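Values in this text are rule-based calculations from the coordinates and carry no lab data. For clarity, every value in this text was computed on a predicted model and none was experimentally measured. Backbone-built Cβ (ideal geometry, glycine too); neighbour counts: all protein chains shown.
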Amino acid sequence: MIKVAIIGASGYTGADAIEIIIHHPEAELVYLTALPQECGNLANIFGQFKGRCSLDIEPLDIDKLAALAEVALCCLPHKVSMGFVPKLLDKGLKVIDFSADYRIKDTKIYEQFYQVKHTDKANLQKAVYGLPELFREQIKGKDLIANPGCYPTGALLAVAPLLKSNLIETDSIIVNAVTGASGAGKNPSGKFHFPNMNESLFPYGVGAHRHMPEMEQIASQLSGDEVQILFQPHVGSFDRGILSSVYCQPKQQINGKSLIELYENFYKNEQFAQVCQEPPNVKDVARTNYCHIFPTVAKGTVVCFSAIDNLVKGASGQAIQNMNIIFGLEETMGLR
Ligand SMILES: NC(=O)c1ccc[n+]([C@@H]2O[C@H](COP(=O)([O-])OP(=O)(O)OC[C@H]3O[C@@H](n4cnc5c(N)ncnc54)[C@H](OP(=O)(O)O)[C@@H]3O)[C@@H](O)[C@H]2O)c1
């Protein structure tokens, strides 16, 4: 059994990670930790675990964590994460980090978008981007995985077959996406408060969202050319899920049928990336690790839709998929 610790266990992604590990046949939760004010019996913090997990959430003691666990799921905000990750790696743990701290290789871009100094450049260079459908081989056996952002997961899975086949103009991509309110974590403010949020839908982060450079970095890696992406996120009044509509100009005329064939071939061995025959919706993937994808052509423009659960394929499910790969387990274990 793989022994798993969760840091930031009192947050949304922490809770979903707990839920998955409870059902995982080859992994067991050994240590849950959060800020002292959020500690106590797990079931008192998240009622859904009553009778299902008897662990307490404890204030972090790194020595205790290292004595108990082999892998740490680091469900912390950016900046906070890079304060803990080097200590965990020094203790010999495998780390899967949920924050943006180890995703963007160019620290100037990271510092510009996140407005903090990067304090762990050595480990940043070693970290592997944990999108298994695209980087499975690099993930195997690694010590530090940068778990992808939720929007980049949906957008990159939607556009990867096109980039890898060199079929689209790389400066033409527009990602238009809508997330549910859990994307903001457990402490939202202002507009995300229920009376403002309920039955509403609005754009935010216009031209400046932090996931834009992450998408561009990985898309450029897939394409071999510099890729430019205009990313426009929105938030809607549902709990979980991201629907992405990705628009791009093909280099040559292409039809919907051949796009579907391209995608089915690209993802033919993937359990969690499923090509659909019609546009997907977030309800079909809620609380699952699946990404539903539908590529088509409208008025000569390629349009690819994808739907994921932001907390599962966009965070905790993908982290456990990565954990399975690191430890050589069946990749889908605990996630089907
Ligand atoms: N929400 C999503 O859809 C999503 C998707 C992909 C990736 N992510 C990323 O995953 C990470 C966690 O997101 P989340 O949505 O789970 O956030 P969250 O609900 O706000 O939870 C954050 C967790 O980190 C803890 N924490 C905050 N500051 C801390 C500090 N200084 N020291 C120790 N612990 C601290 C919080 O403790 P308290 O309970 O005491 O506040 C909480 O347990 C973030 O980096 C986020 O960007 C989120």
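Odds and ends about this structure:
- Distance violations [Cα-Cα > 20 Å] among LYS257/LYS299; LYS257/LYS313; LYS79/LYS186; LYS283/LYS313: LYS257/LYS313
- Spin-label model distance (nm) - LYS50 vs ALA208, 7 Å beyond Cα toward Cβ: 4.4
- Positive-end residue, the range 166-290 charge dipole about Cα centroid, Cβ charges, pick of SER258, VAL285, GLY185: GLY185
- Of PHE135, MET197, SER81, farthest towards positive along the dipole that unit charges on Lys, Arg, Asp, Glu beta carbons give the chain: MET197
- Mean separation of Cα pairs under 8 Å and 6 or more residues apart, divided by the residue count, gives the chain a relative contact order of 18 percent.
- Listed residue pairs exceeding 27 Å between alpha carbons, taken from LYS64/LYS105; LYS117/LYS140; LYS121/LYS191; LYS94/LYS121: LYS64/LYS105; LYS117/LYS140; LYS121/LYS191
- Using distinct alpha-carbon pairs, which all enter the 1/r mean, Kirkwood radius of the chain in Å: 20.2
- Computed magnitude of the charge dipole of the chain (debye, nearest 20; Cβ of K, R +1, Cβ of D, E -1): 200
- Ranked packing of 48-55, 325-332, 251-258, most packed first, by mean Cβ within 10 Å: 325-332, 48-55, 251-258
- Charge dipole magnitude, Cβ of K and R +1, D and E -1 - the range 217-332, Cα centre, debye nearest 20: 280
- The slack in the chain from THR107 to SER258, taken as 0.36 nm per residue of separation less the alpha-carbon distance, amounts to 50.4 nm.
- A Cβ-based charge dipole, computed about the Cα centre of the range 153-236 with Lys and Arg at +1 and Asp and Glu at -1, lands at about 420 debye.
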